[in-house]
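Presented below is the structure to which this report refers.
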C-alpha cells in the first residue's frame, strides 16, 4: 500500500483521472482497513500541498477531515489545509453595499462594522438582524 500512496501524484501532470481513481481507491482502503488509517492519513497530509487537481483535492480533503481520529490528527489536518490555502481571508471583503473591497488600497479604520443577515422568525416569516462588530485593534 505504501508505494501506492507515495506515488498517487505521479499521474497528476498527464491526466486527472488516474490520480482521482487512485485517491478514491485509497479512500476505500482506509475505510475497510482500520489498522492502516493512521499511516495513510499521515501520507495524505504530507502530500496534500502537492495536489493540483481539484477533484483529487476534494477526495483528499474528505479523507483528512473524516479520518482525523485524535486531537493531534485533527490539529495536523487543520494545519495541513491552512498551509495549502494560504493566509485568511481567502475571499474579498464586502462592504455594506455588497461591492468587493480591496485590502491593499484602503487602510484599516477603527470604525465598527455592521453586518446585516436575513433570518427566519419564529412565526416562519423573514426578517433582518443587524450586528455591530467592533474588531478594531486596541493597544493597552
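Just so it is clear, none of the values below were taken in a lab; they were calculated from the coordinates. Note that the structure is a prediction, hence the values are computed from the model and not measured. Backbone-built Cβ (ideal geometry, glycine too); neighbour counts: all protein chains shown.
Points to keep in mind about this one:
- From most to least packed by mean Cβ count within 10 Å, the peptides 21-31, 67-77, 124-134 give 21-31, 67-77, 124-134.
- Gain in span if fully extended, residue 78 to residue 130, counting 0.36 nm per residue against the direct Cα distance: 15.6 nm
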